[in-house]
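The values are calculated or read from the model by the stated rules, or taken from the named source; none is laboratory data. These numbers were taken from a predicted model, which means no experiment stands behind them. Glycine also receives a Cβ, built like all others from the backbone with ideal geometry; neighbour counts cover every protein chain displayed. With ligands, DNA and RNA removed, areas are computed over all heavy atoms of the protein, side chains included. Shrake-Rupley method; radii C 1.70, N 1.55, O 1.52, S 1.80 Å.
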Amino acid sequence: KESSASSIFNKNKIFYDNLPSKLKPQVDKFNSEQISFNTKSGRGLRSKIFFGTAGGGELFRGETILFLHKSEIAFWDDKEGVLKKSLNATVPYAPFSCIIEETTANGYNEFKDNWDRSIRGENSYVPLFVGWNEMEDYKVKCGSDFRLTEKELKLQMEYDLTDEQLHWRRKKINDDYEGNELWFQQE
(Lines give C-alpha, C1' and ligand atoms only; values in the text may rest on other atoms or scores of the structure.)
Protein backbone atom coordinates (compact mmCIF):
# COMPACT_ATOMS: atom_id res chain seq x y z
CA LYS A 1 0.00 0.00 0.00
CA GLU A 2 1.09 3.57 -0.61
CA SER A 3 1.13 4.33 3.12
CA SER A 4 3.56 1.44 3.73
CA ALA A 5 5.89 2.61 0.96
CA SER A 6 5.75 6.11 2.44
CA SER A 7 6.57 4.73 5.90
CA ILE A 8 9.60 2.86 4.56
CA PHE A 9 10.76 6.02 2.76
CA ASN A 10 10.40 8.01 6.01
CA LYS A 11 12.52 5.47 7.90
CA ASN A 12 15.24 5.77 5.26
CA LYS A 13 15.06 9.57 5.44
CA ILE A 14 15.49 9.52 9.22
CA PHE A 15 18.46 7.18 8.84
CA TYR A 16 20.06 9.39 6.16
CA ASP A 17 19.37 12.63 8.05
CA ASN A 18 21.07 11.26 11.16
CA LEU A 19 24.20 9.93 9.49
CA PRO A 20 27.41 11.71 10.46
CA SER A 21 28.43 14.06 7.63
CA LYS A 22 31.57 12.00 6.92
CA LEU A 23 29.40 8.95 6.16
CA LYS A 24 26.57 10.75 4.34
CA PRO A 25 26.70 10.03 0.59
CA GLN A 26 25.78 12.73 -1.90
CA VAL A 27 22.32 12.55 -3.46
CA ASP A 28 20.84 14.00 -6.61
CA LYS A 29 17.26 12.77 -6.03
CA PHE A 30 15.58 12.46 -2.68
CA ASN A 31 11.84 11.93 -2.87
CA SER A 32 9.19 9.38 -1.91
CA GLU A 33 9.85 7.35 -5.08
CA GLN A 34 13.62 7.08 -4.86
CA ILE A 35 16.84 8.22 -3.27
CA SER A 36 19.62 8.41 -5.85
CA PHE A 37 23.15 8.45 -4.46
CA ASN A 38 24.85 10.32 -7.30
CA THR A 39 26.06 13.80 -8.03
CA LYS A 40 24.90 16.00 -10.90
CA SER A 41 28.14 15.11 -12.69
CA GLY A 42 27.40 11.37 -12.36
CA ARG A 43 29.88 10.71 -9.57
CA GLY A 44 29.11 9.32 -6.16
CA LEU A 45 27.90 5.88 -5.18
CA ARG A 46 25.87 5.48 -8.40
CA SER A 47 23.17 3.54 -6.60
CA LYS A 48 19.52 4.06 -5.74
CA ILE A 49 16.84 3.05 -3.29
CA PHE A 50 13.38 2.68 -4.89
CA PHE A 51 10.13 2.90 -2.93
CA GLY A 52 7.08 1.43 -4.57
CA THR A 53 3.90 -0.45 -3.93
CA ALA A 54 3.06 -3.95 -5.07
CA GLY A 55 0.32 -2.55 -7.25
CA GLY A 56 1.40 -3.45 -10.76
CA GLY A 57 3.22 -6.23 -12.58
CA GLU A 58 5.59 -3.84 -14.35
CA LEU A 59 7.22 -2.52 -11.16
CA PHE A 60 10.97 -2.07 -11.83
CA ARG A 61 10.92 -4.30 -14.92
CA GLY A 62 14.21 -3.86 -16.80
CA GLU A 63 16.10 -2.70 -13.69
CA THR A 64 18.98 -4.49 -11.99
CA ILE A 65 18.42 -4.55 -8.27
CA LEU A 66 21.13 -5.85 -5.95
CA PHE A 67 19.23 -5.63 -2.67
CA LEU A 68 15.49 -6.28 -2.88
CA HIS A 69 13.36 -6.06 0.26
CA LYS A 70 9.75 -7.14 -0.26
CA SER A 71 7.86 -6.02 2.84
CA GLU A 72 4.67 -7.71 4.12
CA ILE A 73 4.66 -9.99 1.07
CA ALA A 74 1.87 -12.26 2.38
CA PHE A 75 -0.50 -9.29 2.05
CA TRP A 76 0.35 -8.39 -1.56
CA ASP A 77 -2.57 -8.54 -3.99
CA ASP A 78 -0.65 -10.71 -6.44
CA LYS A 79 -2.47 -14.03 -6.57
CA GLU A 80 -0.62 -15.30 -9.63
CA GLY A 81 2.78 -14.25 -8.29
CA VAL A 82 3.58 -12.22 -11.42
CA LEU A 83 4.91 -9.25 -9.48
CA LYS A 84 6.92 -11.39 -7.05
CA LYS A 85 8.52 -13.32 -9.92
CA SER A 86 9.23 -10.25 -12.08
CA LEU A 87 10.84 -8.48 -9.13
CA ASN A 88 13.00 -11.52 -8.31
CA ALA A 89 14.17 -11.57 -11.93
CA THR A 90 15.72 -8.11 -11.46
CA VAL A 91 18.19 -9.49 -8.88
CA PRO A 92 21.23 -11.23 -10.36
CA TYR A 93 23.01 -14.16 -8.77
CA ALA A 94 26.02 -12.05 -7.88
CA PRO A 95 28.13 -11.26 -4.84
CA PHE A 96 26.42 -8.85 -2.47
CA SER A 97 22.99 -9.33 -4.02
CA CYS A 98 20.07 -10.28 -1.80
CA ILE A 99 16.31 -10.81 -1.79
CA ILE A 100 14.47 -10.43 1.50
CA GLU A 101 10.84 -11.48 1.65
CA GLU A 102 9.38 -10.57 5.04
CA THR A 103 5.92 -10.61 6.47
CA THR A 104 3.77 -11.30 9.44
CA ALA A 105 1.56 -14.35 9.05
CA ASN A 106 -1.53 -14.19 6.89
CA GLY A 107 -2.83 -17.72 7.05
CA TYR A 108 -1.76 -20.46 4.69
CA ASN A 109 -0.77 -19.02 1.32
CA GLU A 110 2.00 -19.06 -1.30
CA PHE A 111 4.32 -17.24 1.11
CA LYS A 112 3.88 -20.08 3.61
CA ASP A 113 4.54 -22.60 0.81
CA ASN A 114 7.80 -20.82 -0.07
CA TRP A 115 8.76 -20.67 3.64
CA ASP A 116 8.22 -24.42 3.94
CA ARG A 117 10.34 -25.00 0.82
CA SER A 118 13.17 -22.97 2.36
CA ILE A 119 12.91 -24.95 5.62
CA ARG A 120 13.29 -28.16 3.57
CA GLY A 121 16.26 -26.69 1.64
CA GLU A 122 14.40 -26.74 -1.68
CA ASN A 123 15.31 -23.16 -2.63
CA SER A 124 18.10 -20.66 -1.98
CA TYR A 125 16.26 -18.69 0.69
CA VAL A 126 17.55 -18.79 4.25
CA PRO A 127 14.57 -18.97 6.62
CA LEU A 128 14.77 -16.59 9.56
CA PHE A 129 12.04 -16.15 12.13
CA VAL A 130 12.23 -13.27 14.61
CA GLY A 131 9.83 -13.71 17.51
CA TRP A 132 8.28 -10.99 19.61
CA ASN A 133 10.34 -12.22 22.55
CA GLU A 134 13.54 -11.20 20.72
CA MET A 135 12.50 -7.55 20.60
CA GLU A 136 14.19 -5.54 23.36
CA ASP A 137 11.31 -3.04 23.69
CA TYR A 138 8.57 -5.62 24.08
CA LYS A 139 8.24 -5.58 27.86
CA VAL A 140 6.10 -3.80 30.45
CA LYS A 141 6.90 -3.24 34.12
CA CYS A 142 4.95 -5.46 36.48
CA GLY A 143 3.18 -4.39 39.64
CA SER A 144 3.67 -6.25 42.90
CA ASP A 145 0.35 -8.04 42.35
CA PHE A 146 1.38 -9.45 38.92
CA ARG A 147 1.13 -13.25 38.81
CA LEU A 148 1.86 -15.53 35.89
CA THR A 149 -0.77 -17.97 34.69
CA GLU A 150 0.09 -21.63 34.37
CA LYS A 151 0.48 -21.23 30.61
CA GLU A 152 2.71 -18.17 31.06
CA LEU A 153 4.89 -20.13 33.51
CA LYS A 154 5.35 -22.84 30.86
CA LEU A 155 6.21 -20.21 28.23
CA GLN A 156 8.64 -18.58 30.65
CA MET A 157 10.49 -21.83 31.23
CA GLU A 158 10.45 -22.94 27.60
CA TYR A 159 11.62 -19.62 26.11
CA ASP A 160 13.52 -18.07 29.04
CA LEU A 161 11.12 -15.11 29.24
CA THR A 162 11.02 -12.44 31.92
CA ASP A 163 7.91 -11.43 33.84
CA GLU A 164 8.07 -8.07 32.02
CA GLN A 165 7.99 -9.79 28.61
CA LEU A 166 5.04 -11.92 29.61
CA HIS A 167 3.25 -8.87 30.99
CA TRP A 168 3.74 -7.17 27.60
CA ARG A 169 2.38 -10.29 25.88
CA ARG A 170 -0.67 -10.43 28.15
CA LYS A 171 -1.45 -6.72 27.64
CA LYS A 172 -1.09 -7.04 23.85
CA ILE A 173 -3.44 -10.03 23.71
CA ASN A 174 -6.01 -8.33 25.94
CA ASP A 175 -5.79 -4.78 24.62
CA ASP A 176 -5.05 -5.19 20.90
CA TYR A 177 -6.49 -8.62 20.06
CA GLU A 178 -9.62 -8.70 22.25
CA GLY A 179 -8.15 -11.56 24.28
CA ASN A 180 -7.67 -13.73 21.17
CA GLU A 181 -4.27 -15.41 21.48
CA LEU A 182 -4.44 -16.77 17.90
CA TRP A 183 -4.68 -13.21 16.55
CA PHE A 184 -1.61 -12.28 18.60
CA GLN A 185 0.30 -15.28 17.23
CA GLN A 186 -0.63 -14.33 13.68
CA GLU A 187 0.54 -10.76 14.01
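Accessible surface area normalised per residue over the chain is 73 Å², counting heavy atoms of protein chains with a 1.4 Å rolling probe. Could you give me D for region 108-157, from Stokes-Einstein at 10 °C and 1.306 mPa s, where the hydrodynamic radius is the Kirkwood radius over C-alpha pairs? Units µm² s⁻¹, please. D, rounded to a whole number, is 111 µm²/s.
Using 0.36 nm per residue of separation minus the Cα-Cα distance, give me the extension gain between Leu153 and Lys24 in nm, one decimal.
Additional length available on full extension: 41.7 nm.
When its C-alpha radius of gyration is set against 2.2 N^0.38 Å (N residues), the chain gives a value of 1.29. Of all DSSP bridge pairs formed entirely within the chain, close to 55 percent run antiparallel.
In this rough spin-label picture, where each label sits 7 Å from Cα along the Cβ direction, the Thr104-Asp160 distance is 2.7 nm.
With 0.36 nm allotted per residue and the present C-alpha distance subtracted, the Phe146-Ser71 stretch has 23.3 nm of extension available. The peptide list 82-90, 21-29, 63-71, put in order of mean Cβ contacts within 10 Å with the highest first, becomes 82-90, 63-71, 21-29. Under the criterion of Cα pairs below 8 Å and six or more residues apart, the relative contact order for the chain equals 13 percent. Taking the Cβ-Cβ separation of Asn174 and Glu136 as r and a Förster radius of 25 Å, what is the calculated FRET efficiency to the nearest 0.05? Efficiency, rounded to the nearest 0.05: 0.70. On the basis of the beta-carbon distance and an R0 of 25 Å, Ser6 and Leu182 show a calculated FRET efficiency of 0.25.
Report, to the nearest whole %, how much of the accessible area of region 78-154 belongs to carbon and sulfur atoms, 1.4 Å probe, protein only. Here carbon and sulfur together make up 57 percent of the probe-accessible area.
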